[in-house]
Amino acid sequence: MPSSQSLQVRTFLIDHLKPALQAATLEESRLLLDAATTTIPPNTKTEPTMVGNIRAEWVSASGADPHKVTLYLHGGGYTCGSINSHRGFAAVLSKASGTTVLLIDYRKAPEHPFPAALDDSVTAYRWLLRQGFKPKNLAIAGDSAGGGLTLATLVALRDAGDPLPAAGVLLSAWTDLAATGDSYTSRAKYDPLLTTFGTLEQVKLYLGEQDPRKVPLASPLYAELHKLPPLLIHVGQDEIVLDDSTQVTEKIKATGGEVILKVWEGMWHVFQMQYAIVPEAQLAVSEIGRFLYDKLK
């Protein structure tokens, strides 16, 4: 059963945040997401940097290994989200995993439609390799659109012949921009945050009139998913993008790939961001941390 704290957060999302996001302009949505950032834990170091022309930030909790790095790709429907919105979560992830997190501010639509975000994530990973980091000491992780971008980045790197990182983590990953999964209808009345209409509007800003099923590096459910590094996938039971995760998991397993899927009962889109107050989020972050700690050598 969901905790009492999660039920309280769900009520807040339904009563306040979901209506605000539905009524907001793009600029207002960007401000809302940035304002929702959580407090950085004590003894966390942050250091702005540039990855070529990409703004980025190193985030490291006390005791984090500077030789092990998680490249983190924030969510926000490819139109919102930033270093500011995800700095707090990056800090918690650093503490849980013992890795240093590189959080990048990849370009967003509609100013920079596909493939700008993918180009930036691939550039950031290759930049880490040029800095001397070993693939066995690297991971890529992301939430929502950033989770889909994580998967697309791994596919792009594999196809280009780049050495792949040791692991990937997908949180509520948006992998089916065509919204074909049953969950887009069956979970719609349960999802306290997302709407199918809203996600399809973001697709238009990111892809224009292109059919997502024909652009696998934007909608990676339709990509070939063989020979990828071990993946951990977390998704809430009560979110419309549930099938984006379950179907990706099935495809990877069919290739013989290593993937762990955890569907969290009663949870919503990227519930891990509420780690400060929701016990399930704290458990999820701990699981993610253990996975990364075990996979990065």
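Check whether at least one residue in the range 13-21 is of a type in the set (A, V, I, L, M, F, W, C), open to solvent by 60 Å² or more (accessible area, probe 1.4 Å) and free of Cβ contacts under 8 Å to residues at least 24 places away in the same chain, and report yes or no. Outline the logic, then answer.
Our first condition is that a residue be of a type in the set (A, V, I, L, M, F, W, C); within the range 13-21, this holds for 13-14, 17, 20-21.
Checking the rest, the ones that are also open to solvent by 60 Å² or more (accessible area, probe 1.4 Å) come to 14, 21.
Keeping just the survivors that are free of Cβ contacts under 8 Å to residues at least 24 places away in the same chain gives none.
There is no residue in the range 13-21 that is of a type in the set (A, V, I, L, M, F, W, C), open to solvent by 60 Å² or more (accessible area, probe 1.4 Å) and free of Cβ contacts under 8 Å to residues at least 24 places away in the same chain.
Being more than 24 Å from residue 38 (Cα to Cα) and crowded, with 20+ Cβ neighbours inside 10 Å is the filter here; which residues of the range 260-297 pass it?
295, 296
For the range 46-61, which residues satisfy the criterion of being open to solvent by less than 60 Å² (accessible area, probe 1.4 Å) and under 14 Å from residue 88 (Cα atoms)? Explain how you work it out, then say what you get.
Keep residues of the range 46-61 that are open to solvent by less than 60 Å² (accessible area, probe 1.4 Å), which gives 49, 51-52, 54, 56-61.
Across the range 46-61, the qualifying residues are 57, 58, 59, 60, 61.
Criterion first (farther than 15 Å from residue 155 by Cβ and either touching an Asp or Glu at 6+ places or on another chain (Cβ under 6 Å) or in a helix (DSSP H, G or I) (or both)) does residue 243 satisfy it?
yes
Looking at the range 46-64, which of the residues that are touching a residue at least 60 places away in the same chain (Cβ under 8 Å) and assigned to a strand (DSSP E or B) is farthest from residue 28 (Cα to Cα)?
The selected residue is 51.
Give the range 257-288 a look and list any residue that's touching a residue at least 12 places away in the same chain (Cβ under 8 Å), more than 15 Å from the chain's Cα centre (by Cα) and part of a helix (DSSP H, G or I), or say none.
Residues satisfying the conditions are 279, 280, 286, 287.
Only residues that are more than 18 Å from residue 25 (Cα to Cα) and part of a helix (DSSP H, G or I): list them for the range 203-223, please.
207, 212, 213, 214, 220, 221, 222
Please verify whether residue 75 is in a loop (DSSP other than H, G, I, E, B) and on the phi > 0 side of the Ramachandran plot, treating the condition exactly as stated.
It is false that residue 75 is in a loop (DSSP other than H, G, I, E, B) and on the phi > 0 side of the Ramachandran plot.
Does the range 31-45 include one or more residues that are open to solvent by 70 Å² or more (accessible area, probe 1.4 Å), free of Cβ contacts under 8 Å to residues at least 12 places away in the same chain and not in a loop (DSSP other than H, G, I, E, B)?
Yes, the range 31-45 contains at least one residue that is open to solvent by 70 Å² or more (accessible area, probe 1.4 Å), free of Cβ contacts under 8 Å to residues at least 12 places away in the same chain and not in a loop (DSSP other than H, G, I, E, B).
Are there any strands (runs of 3 or more DSSP E) wholly within the range 92-171 with 2 or more residues that are over 20 Å from residue 224 (Cα atoms) and not polar (S, T, N, Q), and if so which? Can you show your working first?
Working: elements: 99-104, 138-143, 167-171.
Qualifying strands (runs of 3 or more DSSP E): 99-104, 138-143.
If you go through the range 107-114 one residue at a time, do you hit one that is within 13 Å of residue 72 (Cβ to Cβ) and open to solvent by less than 10 Å² (accessible area, probe 1.4 Å)? Even if it seems obvious, please write down each step before you answer.
Kept after step one, since they are within 13 Å of residue 72 (Cβ to Cβ), are these residues of the range 107-114: none.
Within the range 107-114, none of the residues are within 13 Å of residue 72 (Cβ to Cβ) and open to solvent by less than 10 Å² (accessible area, probe 1.4 Å).
Checking residue 200 against (1) closer than 20 Å to residue 180 by Cα; (2) open to solvent by less than 50 Å² (accessible area, probe 1.4 Å); (3) not in a loop (DSSP other than H, G, I, E, B), which test does it fail?
Failing condition for residue 200: (2).
Within the range 132-155, does at least one residue satisfy the condition of being buried (at least 24 other Cβ atoms within 10 Å of the Cβ), closer than 18 Å to residue 291 by Cα, among the hydroxyl-bearing types (Ser, Thr, Tyr) and at pLDDT 95 or above?
Yes, some residue in the range 132-155 is buried (at least 24 other Cβ atoms within 10 Å of the Cβ), closer than 18 Å to residue 291 by Cα, among the hydroxyl-bearing types (Ser, Thr, Tyr) and at pLDDT 95 or above.
The values are calculated or read from the model by the stated rules, or taken from the named source; none is laboratory data. Quantities reported herein were computed from a predicted structural model and do not represent experimental measurements. Cβ: placed from backbone, ideal geometry, glycine included. Neighbour counts: every protein chain shown. Heads up: the accessible areas ignore ligands, DNA and RNA and are worked out on the full protein's heavy atoms, side chains in. Shrake-Rupley method; radii C 1.70, N 1.55, O 1.52, S 1.80 Å.
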